[in-house]
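Engineer: Starting off with a structure, shown below.
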Amino acid sequence: MAVPSFEEARAQVEELRRIIEEHNYRYFVLDQPVISDQEYDALMRRLLELEAAYPELVTPDSPSQKVGGPPRPEFTTVRHRRPLLSLANAFSAAELRDFDRRVRELAGRPVDYVVEPKIDGLSVALTYVNGIFTLGATRGDGEVGEDITANLKTVRALPLRLRQNIPHLEVRGEAYMPKAAFARLNSQREEAGEPLFANPRNAAAGSLRQLDPRVTASRNLSLFVYEVIYAEGRTPDTQKEALDFLRELGLPVNPYRYYCRDIDEVIAIISDWGPERREALEYEIDGLVIKVNDLKLHPLLGATAKSPRWAIAYKFPAEQAVTRVEDIILRVGRTGVLTPTAILAPVRLAGSTVSRATLHNEDIIREKDVRIGDMVVIQKAGDVIPEVVEVLKEHRRGDVREFRMPDHCPACGAAVIRPQGEAAHRCIGGLACPAQVMEGIIHFASRNAMDIRGLGPAIVAQLLEAGLIRDAADLYTLKVEDLLPLERFADQSAQNLVTAIEASKGRPLERLIFALGIRHVGERAARTLARHFGSLDALARASMEELTALPDIGPKIAASIQAFFAEPRNLKVLEKLKAAGVNMVAGGSGAEGAPGPLAGKTFVLTGTLPTLTRQEAEELIMKAGGKVSSSVSRRTDYVVVGEKPGSKYEKARELGIAILDEAGLRRLLGGEAGGQKAD
Ligand code: IVH
């Protein structure tokens, strides 16, 4: 890149920001883009280059901030000016008429309404001071939320600067993940062996509650704003006016909104919004919100403890389909719970093809009287996995079969019991049950546990089948040569998996504790235990009294921890993990986040380096506190390039990521800054 003088750069930066903001407004608010995505990206790239050359030109409201700032240790909390409530629901026209009658009685006169889509996302509270976005918070418990400003800044639809300079503005809206972004994210996660999000709402929530805003930036979230809480110097009289005002300010307002003179008009709109219309939208909605248009009536109507009396959510009936139960199979979970699942004749439902439905447990099968061969009504209630609603008994034929919970585990043959007071059946095989072992290893490797990239359910099954592993600790003995003969593995993928397993040795103690899969010990309890005991050995020796004295640890969890460490088979696995060099102490050597010259930096390697093998380079980076990733994204800090680099090099240049050769890497490892910006 040609680097202009500071003064020239300043002028260009200002001009670029103005142009980019204008295009954002055209795209997200007016829905009338005038340039292509490539042209937009080129403008953004130029802005990033100039800001990289002159960091003093970066301002908090620059559109460049949308790539995400550095990670933070935790979220701080924010008390909301007015609590964020939820909405009461209506499921029928009759219930809407009841709502209208209550409103008219309290108001003492007829009222008009505005109807808006109910976006299925996450409510957010946004504050602008002097036109600049300064604070964004989650709903939290309604009174106190979390400060997610840095993450919200990465949402492209959210303007960092308003089109009018008003001294103070507070608004509420819904952050959401568009359907396409959700489908893409889940397919990436599936490939990487990571757990899938059940629905776009969960995915949006997970993405906004990331401590690393660059992760949020990669998730393609969007936003609609629907409520003015406070606007200094301007008080809209009606909801209709408030929505117009929000739009004038440059905030994204949903294009569908209907002014209705009375409840009959509201009901007409609702009957117009059938499943096809919802399916055609690029985002999920779970109903329509009906609001009293006259904002002066809102304080008068007030709120119950949970929801305002001036609005109600009309919830769409869940989408249903009819199909046949071809079989009922059992899945044995990590803790031995047997979950029955209906295998269905494939059928289209709410935009996808469905061939399984959960039946939860035996009681539910009995209650609904589901038999193999039955025609059933299934529905999706917000989640990706549908459920069986009812059996169409009038279609039942003579050849249906009743399902019985087996006395013995289908995976290991051990006895199946139903503990008193529980709805679940459990296999008592424990670590002798291959299904439990497999689920345990999948859990061990999962994202929030040891985070072994690329080690998903299919690969774990393959490794077990080939006899290469029998427990999680065996993973650390795997060599590239062991994997090569297996289907699906080539040089590169085998090397990647071995590297990923190696990298997991340094995970913090709390992750290891969670990864062990001790019953009832979730991430939170694992964190408490790691902080208090500081090492796995100390945890193993802890007494009942010591354990139950801790916050989050009740007698049930404590007993489960003691039982875990009393089991010889578990102790053997722990011995093997220790021998493999897995970190077992808090802040242990080689642990992530350990201070090192490359702490917090992400590297991607491409091409052959002159003296280091790829594995050596990766090890050096990880020992110095850095992370190695396999693909280049905006989150990459450095790309190390050797001879015959691949497309990663091109991508790095495109994104303006610092490029290093081996000598540059060695300088960084020595603690010196190095590398040149791609031009
Ligand atoms: S108005 C309750 N309008 O639905 C305060 N809410 O169950 C008034 N939502 O927490 C909310 N789209 O997150 C309103 N157009 C819309 C909405 C909407 C989605 C969410 C919002 C709220 C939840 C209520």
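The values are calculated or read from the model by the stated rules, or taken from the named source; none is laboratory data. Everything numeric in this text was worked out from a predicted model, so none of it was measured. Don't worry about glycine lacking a Cβ; one is built from the backbone with ideal geometry, like all the others, and counts go over all protein chains shown.
Engineer: For segment 606-660, enumerate the residues that are over 27 Å from Glu39 (Cβ atoms), surrounded by fewer than 18 Cβ atoms within 10 Å (Cβ to Cβ), in contact (Cβ under 8 Å) with a residue 12 or more places away in the chain and of a type in the set (S, T, N, Q).
Structural biologist: Thr608, Thr611, Gln615, Ser629, Ser630
Engineer: Turning to a different aspect of this structure: With Asp31, Asp61 as the choices, which residue is part of a loop (DSSP other than H, G, I, E, B) and on the phi > 0 side of the Ramachandran plot?
Structural biologist: The match here is Asp31.
Engineer: Follow-up question, since we're still on this one. Asp212 - would you say it is modelled with pLDDT of 95 or more and either exposed (fewer than 15 other Cβ atoms within 10 Å of the Cβ) or more than 16 Å from the ligand (Cβ to nearest atom) (or both)?
Structural biologist: no
Engineer: Looking at Arg404, is it without any contact (Cβ under 8 Å) to a residue 60 or more places away in the chain, not hydrophobic (A, V, I, L, M, F, W, C) and not in a helix (DSSP H, G or I)?
Structural biologist: yes
Engineer: Could you tell me how many of the residues in segment 487-538 are among the acidic types (Asp, Glu) and either over 21 Å from Ala586 (Cα atoms) or buried (at least 18 other Cβ atoms within 10 Å of the Cβ) (or both)? It would help to see each step written out before you state the result.
Structural biologist: First pass over segment 487-538, keeping only residues among the acidic types (Asp, Glu): 487, 491, 502, 510, 523, 537.
Narrowing the set further to residues that are either over 21 Å from Ala586 (Cα atoms) or buried (at least 18 other Cβ atoms within 10 Å of the Cβ) (or both) leaves 487, 491, 502, 510.
Qualifying residue count, segment 487-538: 4.
Engineer: Being more than 16 Å from the ligand (Cβ to nearest atom), assigned to a helix (DSSP H, G or I) and farther than 16 Å from Phe224 by Cβ, is that true of even one residue in segment 106-126?
Structural biologist: Going through segment 106-126, the residues more than 16 Å from the ligand (Cβ to nearest atom) turn out to be 106-112.
Of the ones still in play, those that are also assigned to a helix (DSSP H, G or I) are 106-107.
From what's left, farther than 16 Å from Phe224 by Cβ: 106-107.
Within segment 106-126, one or more residues are more than 16 Å from the ligand (Cβ to nearest atom), assigned to a helix (DSSP H, G or I) and farther than 16 Å from Phe224 by Cβ.
Engineer: What single numbered condition from (1) in contact with a strand residue (DSSP E or B) (Cβ under 6 Å, 6 or more places away or on another chain); (2) within 15 Å of the ligand (Cβ to nearest atom); (3) not β-branched (Val, Ile, Thr) fails to hold for Met177?
Structural biologist: (1)
Engineer: Could I ask something else about it? Looking at (1) touching a Gly at 6+ places or on another chain (Cβ under 9 Å); (2) at pLDDT 95 or above; (3) within 16 Å of the ligand (Cβ to nearest atom), can you tell me which one His168 breaks?
Structural biologist: Of everything listed in (1) touching a Gly at 6+ places or on another chain (Cβ under 9 Å); (2) at pLDDT 95 or above; (3) within 16 Å of the ligand (Cβ to nearest atom), His168 misses just condition (3).
Engineer: Of the conditions (1) within 21 Å of Val337 (Cβ to Cβ); (2) at pLDDT below 90; (3) of a type in the set (D, E, K, R), Lys380 fails just one. Which one is it?
Structural biologist: (1)
Engineer: Further question: Given the structure, is Ser222 within 15 Å of the ligand (Cβ to nearest atom) and touching a strand residue (DSSP E or B) at 6+ places or on another chain (Cβ under 9 Å)?
Structural biologist: yes
Yes/no matrix, rows are residues, columns are (1) within 16 Å of the ligand (Cβ to nearest atom); (2) at pLDDT 95 or above; (3) surrounded by fewer than 16 Cβ atoms within 10 Å (Cβ to Cβ):
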{"position": "Ala280", "(1), (2), (3)": "no, no, yes"}
{"position": "Leu288", "(1), (2), (3)": "yes, yes, no"}
{"position": "Lys291", "(1), (2), (3)": "yes, yes, no"}
{"position": "Leu295", "(1), (2), (3)": "yes, yes, no"}
{"position": "Gly302", "(1), (2), (3)": "yes, no, yes"}
{"position": "Lys315", "(1), (2), (3)": "yes, no, no"}
{"position": "Val325", "(1), (2), (3)": "no, yes, no"}
{"position": "Gly333", "(1), (2), (3)": "no, no, no"}
{"position": "Pro340", "(1), (2), (3)": "no, no, no"}
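Engineer: Next up: Look through Ala357, Ala345 and report the one residue that is surrounded by fewer than 17 Cβ atoms within 10 Å (Cβ to Cβ) and either within 18 Å of Asp399 (Cα to Cα) or free of Cβ contacts under 8 Å to residues at least 60 places away in the same chain (or both).
Structural biologist: Ala345
Engineer: Just to verify a result, which residue in segment 246-295, among those that are among the acidic types (Asp, Glu) and touching a residue at least 60 places away in the same chain (Cβ under 8 Å), is nearest to Arg234 (Cα to Cα)?
Structural biologist: Top of the filtered list is Glu248.
Engineer: Scan segment 436-450 for residues that are assigned to a loop (DSSP other than H, G, I, E, B) and either farther than 18 Å from Val332 by Cα or modelled with pLDDT of 95 or more (or both) and jot them down.
Structural biologist: The answer is Arg447, Asn448, Ala449, Met450.
Engineer: I would also like to ask the following. In segment 127-139, what residues are touching a residue at least 60 places away in the same chain (Cβ under 8 Å) and within 12 Å of the ligand (Cβ to nearest atom)?
Structural biologist: Across segment 127-139, the qualifying residue is only Thr138.
Engineer: OK, next. Give Leu43, Leu87 a once-over and let me know the one that is assigned to a helix (DSSP H, G or I) and out of contact with any Gly (no Cβ under 6 Å at 6 or more places or on another chain).
Structural biologist: None of the others qualify; the one that does is Leu43.
Engineer: While we're here: Considering only segment 669-679, state which residues are touching a strand residue (DSSP E or B) at 6+ places or on another chain (Cβ under 7 Å) and either surrounded by 12 or more Cβ atoms within 10 Å (Cβ to Cβ) or at pLDDT 50 or above (or both).
Structural biologist: Gly674, Gly675, Lys677, Ala678
Engineer: Additional query: Arg79 passes all but one of (1) over 30 Å from Ala2 (Cα atoms); (2) away from the ligand (no atom under 15 Å from the Cβ); (3) touching a helix residue (DSSP H, G or I) at 6+ places or on another chain (Cβ under 7 Å); which number fails?
Structural biologist: (3)
Engineer: Let me ask you something else. Specify the residue that is nearest to the chain's Cα centre (by Cα); the eligible residues are those in segment 140-165 that are more than 16 Å from the ligand (Cβ to nearest atom) and of a type in the set (A, V, I, L, M, F, W, C).
Structural biologist: Only one residue tops the list, namely Ala150.
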